[in-house]
Ligand code: VTB
């Protein structure tokens, strides 16, 4: 799969990031998202593949592009026979978030990125548009920490696994009312909390690398993005668990204020989820034999630099993680669409 998609998937996230970065700091998160979606889709449709969006911008009737179920790639065109031999082609499932952390991008804050995960058909969990309780931790703590345990217990385990005292640990938590008790507990246990306004995919990925000074991600974010995080962390051999959250009283967001727990349970049932309380690990959320994650920084984060523009071009940094080749590659690209007079080195 990797050989087929090669550099092209990298260009997909690069193009989305460049498009969004042009709107960085402009205060319009919807526009930053819209242009990223458009650019991602346009580049994706030039790839010689038969792809299907399993995690995207929403259901078919609510999202014009990259909706769940949309087929992408040259080999899904009606005249595909002219371009592709159907027998040679692997069917590919794709999970996308063209602008993860739209607020971060709109307000010029660190950590927004264009991300996607790819696997063979059926290799990515088609998470419904729900919330997800998440626990991410470094490879040394894989399968030792457990989302069913309290934050206090997990911090003790982390401290043993990482051979550092609890007060040397940093846990990322999204700043939300629903996390007030969690934040209090982490602080009381002696660890330090890094509060972020948005962007828990980036936070999860930080756990997969030493040197980021991030040792865990705890709390509730969106479920679809949980699958993309899981894909990256599975390839890195790090820990990721997710559990769907359906009770509006736990989520405490405006968007869910009018929903009831019963309604949500019904929705999950309709989506074919028989055990709504199941805890999924990274291998279940990204179960494919071959899983590929790619992400380009829109604004600079801990792991990737954001897009830097210069006259006639731009420079991007992309992280590509592959379960097949067991590599995490940092791809540094200079884009020169405008025949620039000079090419920026850094
Ligand atoms: C966002 C976003 C995250 O989850 O917060 C969202 O910043 C859901 O949470 O990165 P709210 O509805 O409380 O804002 C993510 O998209 C991903 O999990």
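Yes/no per residue for (1) within 15 Å of residue 16 (Cβ to Cβ); (2) surrounded by fewer than 16 Cβ atoms within 10 Å (Cβ to Cβ); (3) in contact (Cβ under 8 Å) with a residue 40 or more places away in the chain:
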| position | (1), (2), (3) |
| --- | --- |
| 50 | no, no, yes |
| 55 | yes, no, yes |
| 65 | yes, no, no |
| 78 | no, yes, no |
| 90 | no, yes, yes |
| 99 | yes, no, yes |
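Could you say whether any residue in region 335-344 is within 27 Å of residue 233 (Cβ to Cβ) and out of contact with any helix residue (DSSP H, G or I) (no Cβ under 7 Å at 6 or more places or on another chain)? Reasoning before the result, please.
Filtering region 335-344 for residues within 27 Å of residue 233 (Cβ to Cβ) gives none.
So far as region 335-344 goes, no, none of its residues is within 27 Å of residue 233 (Cβ to Cβ) and out of contact with any helix residue (DSSP H, G or I) (no Cβ under 7 Å at 6 or more places or on another chain).
So which of 148, 103 is out of contact with any strand residue (DSSP E or B) (no Cβ under 6 Å at 6 or more places or on another chain), modelled with pLDDT of 95 or more and within 16 Å of the ligand (Cβ to nearest atom)? Steps first, answer last, please.
Values: 148 fails: within 16 Å of the ligand (Cβ to nearest atom).
Matching residue, one of 148, 103: 103.
Among the numbered criteria (1) crowded, with 23+ Cβ neighbours inside 10 Å; (2) under 16 Å from the mean Cα position of the chain (by Cα); (3) more than 12 Å from the ligand (Cβ to nearest atom), which single criterion is violated by residue 209?
(1)
Any idea which of 156, 133 is in a strand (DSSP E or B) and either farther than 21 Å from residue 38 by Cα or within 15 Å of the ligand (Cβ to nearest atom) (or both)?
Result of the check over 156, 133: 133.
Would you pick out the residues in region 302-325 that are without any contact (Cβ under 8 Å) to a residue 40 or more places away in the chain and more than 17 Å from the chain's Cα centre (by Cα)? Step through it out loud before you land on a result.
As a first pass, look at region 302-325 and keep what is without any contact (Cβ under 8 Å) to a residue 40 or more places away in the chain: 305, 308, 310-313, 315, 317.
If the condition is that a residue be without any contact (Cβ under 8 Å) to a residue 40 or more places away in the chain and more than 17 Å from the chain's Cα centre (by Cα), then 308, 310, 311, 312, 313, 315 are the ones that fit.
Need a quick list: helices (runs of 4 or more DSSP H) entirely within region 182-269 having at least 1 residues that are more than 29 Å from residue 66 (Cβ to Cβ).
Numbers: elements: 200-207, 223-236, 248-251.
Where helices (runs of 4 or more DSSP H) fall fully within region 182-269 and carry at least 1 residues being more than 29 Å from residue 66 (Cβ to Cβ), they are 248-251.
Only one of (1) within 14 Å of the ligand (Cβ to nearest atom); (2) under 13 Å from the mean Cα position of the chain (by Cα); (3) farther than 18 Å from residue 301 by Cα is not met by residue 234, so which one is it?
Status for residue 234: all satisfied but (1).
Given the conditions (1) surrounded by fewer than 18 Cβ atoms within 10 Å (Cβ to Cβ); (2) within 21 Å of residue 111 (Cβ to Cβ); (3) out of contact with any helix residue (DSSP H, G or I) (no Cβ under 9 Å at 6 or more places or on another chain), report the number of the one that residue 179 does not fulfil.
Going through the list (1) surrounded by fewer than 18 Cβ atoms within 10 Å (Cβ to Cβ); (2) within 21 Å of residue 111 (Cβ to Cβ); (3) out of contact with any helix residue (DSSP H, G or I) (no Cβ under 9 Å at 6 or more places or on another chain), residue 179 breaks only (1).
From the list 269, 254, exactly one residue is within 15 Å of the ligand (Cβ to nearest atom) and free of Cβ contacts under 8 Å to residues at least 12 places away in the same chain. Which is it? Quick ask: steps written out before the conclusion?
Numbers: 269 fails: within 15 Å of the ligand (Cβ to nearest atom).
The match here is 254.
From the list 140, 117, 126, which residue is in a strand (DSSP E or B) and either in contact with a helix residue (DSSP H, G or I) (Cβ under 9 Å, 6 or more places away or on another chain) or within 16 Å of the ligand (Cβ to nearest atom) (or both)? Before you say what the answer is, go through the steps one by one.
On the way: 140 fails: in a strand (DSSP E or B); 126 fails: in a strand (DSSP E or B).
None of the others qualify; the one that does is 117.
Can you tell me which residue in region 212-231 is farthest from the chain's Cα centre (by Cα), limited to those that are more than 15 Å from the ligand (Cβ to nearest atom) and crowded, with 24+ Cβ neighbours inside 10 Å? Explain how you work it out, then say what you get.
Keep residues of region 212-231 that are more than 15 Å from the ligand (Cβ to nearest atom), which gives 212-213, 215-216.
From what's left, crowded, with 24+ Cβ neighbours inside 10 Å: 215-216.
Numbers: 215: 18, 216: 16 Å.
Applying the filter and picking the extreme gives 215.
With the structure loaded, tell me whether residue 260 is more than 14 Å from the ligand (Cβ to nearest atom) and in contact (Cβ under 8 Å) with a residue 40 or more places away in the chain or whether it fails that test. Give the steps one after another, and end with the answer.
Numbers: more than 14 Å from the ligand (Cβ to nearest atom): yes; in contact (Cβ under 8 Å) with a residue 40 or more places away in the chain: no.
It is false that residue 260 is more than 14 Å from the ligand (Cβ to nearest atom) and in contact (Cβ under 8 Å) with a residue 40 or more places away in the chain.
Considering only region 159-204, how many residues are without any contact (Cβ under 8 Å) to a residue 12 or more places away in the chain and within 16 Å of the ligand (Cβ to nearest atom)?
2
The values are calculated or read from the model by the stated rules, or taken from the named source; none is laboratory data. No experiment lies behind these values; they were computed from the predicted model shown. Glycine also receives a Cβ, built like all others from the backbone with ideal geometry; neighbour counts cover every protein chain displayed.
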